[in-house]
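**Q** One structure follows; several queries about it will come next.
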Ligand SMILES: [Zn+2]
């Protein structure tokens, strides 16, 4: 009888292991220079992220309150992994916590997944309620934003005078800040996010010679977009606009949504480069979550119905703006489309998934999607430049 019971117990354990579900991520936090109030706010921020992220491997965060340059709130260095088993793209840098989540194993034992430096001299509001008083900066919002970079929301672009590059960033670029983990030799390789960046003509930035002056021109063109399909779905079919101002700032340019396109109060303001005082932004927003999902994170969308992305099965055009071709995804079976100029001329029609627009005048067009019964399903703006 005893043996039988033992057998049942063993079977029970195996069954529960077999059916184990991936869980919301946990954080292991090591803090330097924090008082109790700052620590509580930091832990609140990691708790928020836990609710969005699925991972069986704890995310190891080192954070230090230090003096940064005036006007800087925080800076984050993700640890990186490449060419691990199951990596979505080869020869591409993934934040180590994302690589760990994808593989389900600890690839960087003993080393942090990200180092976060927060400016100790900023006028912080450490409350967690988001009611940030005028003149103060919301600590929780800033920590959540910085963690997002550590999750892989960043480009490995750099610009040296006129030459733009991917994967040519060195530890010395951030002196006197020093990471707790060995700085990887980036080897001119891009980040996962870099795979989704295009210029205004729909040319992917990773197709440019690296390094090159042409790439450098793009990084400061103020005309860079993220054309990940998940981001398009989360943004009404439009590409996400990337912050690419005429002066390149390492770590700011190319690694945020465009400030002007997603200003204070916009649902996608969370990952713009500048934080407003007297204001909080503690919800990642649809585009940011979609990009994290696109680069490999499993996202738990159940936390907050306001940020739930309904799967959009209606037709979507990308890239948009387009240059030579625009691709239609989610075109229903037997549906067709026609394209009309703003002055009402019919420019093209078809039923395939590619709109050849290279010979058209540059400008704005309306694409109408028609069901097999002749009813209009949706009309979308298509920009050519
Ligand atoms: Zn940032």
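The values are calculated or read from the model by the stated rules, or taken from the named source; none is laboratory data. This is a predicted model, so every value here is computed, not measured. FYI the Cβ positions are ideal-geometry reconstructions off the backbone, even for glycines, and counts take in every protein chain you see.
**Q** Looking at (1) modelled with pLDDT of 95 or more; (2) farther than 23 Å from residue 255 by Cα; (3) buried (at least 19 other Cβ atoms within 10 Å of the Cβ), find the lone condition where residue 284 falls short.
**A** Condition not satisfied by residue 284: (2).
**Q** Evaluate the following for residue 71: is it without any contact (Cβ under 8 Å) to a residue 24 or more places away in the chain, over 23 Å from the mean Cα position of the chain (by Cα) and within 14 Å of the ligand (Cβ to nearest atom)?
**A** yes
**Q** To continue, here is another question. Looking only at the stretch 246-265, which residues are buried (at least 18 other Cβ atoms within 10 Å of the Cβ) and more than 24 Å from residue 364 (Cα to Cα)?
**A** 248, 251, 253, 254, 255, 256
**Q** A follow-up question, please. Could you tell me whether residue 190 is away from the ligand (no atom under 15 Å from the Cβ), more than 30 Å from residue 131 (Cα to Cα) and loosely packed, with under 15 Cβ neighbours inside 10 Å?
**A** When the stated conditions are applied, residue 190 does not pass them.
**Q** When the residues of the stretch 247-268 are narrowed to those that are at positive phi and modelled with pLDDT under 95, which ends up nearest to the ligand (Cβ to nearest atom)?
**A** The qualifying residue nearest to the ligand (Cβ to nearest atom) is 251.
**Q** Does the stretch 85-97 contain at least one residue that is within 16 Å of the ligand (Cβ to nearest atom), part of a strand (DSSP E or B) and under 29 Å from residue 214 (Cβ atoms)?
**A** Checking the stretch 85-97: at least one residue is within 16 Å of the ligand (Cβ to nearest atom), part of a strand (DSSP E or B) and under 29 Å from residue 214 (Cβ atoms).
**Q** Now a separate question. Answer with yes or no whether residue 198 is farther than 22 Å from residue 60 by Cβ, within 16 Å of the ligand (Cβ to nearest atom), modelled with pLDDT of 95 or more and under 17 Å from the mean Cα position of the chain (by Cα). Before the answer, list the steps.
**A** Details: farther than 22 Å from residue 60 by Cβ: yes; within 16 Å of the ligand (Cβ to nearest atom): no; modelled with pLDDT of 95 or more: yes; under 17 Å from the mean Cα position of the chain (by Cα): yes.
Judged against the criteria, residue 198 is not a match.
**Q** Please tell me if residue 326 is assigned to a strand (DSSP E or B), at pLDDT 85 or above and either touching a helix residue (DSSP H, G or I) at 6+ places or on another chain (Cβ under 8 Å) or within 14 Å of residue 238 (Cα to Cα) (or both).
**A** Considered against the rule, which asks whether it is assigned to a strand (DSSP E or B), at pLDDT 85 or above and either touching a helix residue (DSSP H, G or I) at 6+ places or on another chain (Cβ under 8 Å) or within 14 Å of residue 238 (Cα to Cα) (or both), residue 326 comes out as yes.
**Q** Can I ask one more? Restricting to the stretch 51-67, give me the number of residues that are assigned to a loop (DSSP other than H, G, I, E, B) and free of Cβ contacts under 8 Å to residues at least 60 places away in the same chain.
**A** Number satisfying all stated conditions: 4.
**Q** Determine if the stretch 110-125 includes at least one residue that is in a loop (DSSP other than H, G, I, E, B), within 17 Å of residue 186 (Cα to Cα), modelled with pLDDT of 95 or more and assigned by TED's automatic domain parsing to the domain that holds residue 279.
**A** yes
**Q** Another one. Suppose the filter is in contact (Cβ under 8 Å) with a residue 12 or more places away in the chain, more than 16 Å from the ligand (Cβ to nearest atom) and out of contact with any helix residue (DSSP H, G or I) (no Cβ under 8 Å at 6 or more places or on another chain); does residue 79 pass it?
**A** So residue 79 does not fit the description; no.
**Q** Hey, among 166, 139, 174, which residue is buried (at least 24 other Cβ atoms within 10 Å of the Cβ) and within 16 Å of the ligand (Cβ to nearest atom)?
**A** It is 139.
**Q** Now, a different point. For the stretch 142-154, give me the residue count where each residue is more than 15 Å from residue 62 (Cβ to Cβ) and within 11 Å of the ligand (Cβ to nearest atom).
**A** Number of matching residues: 6.
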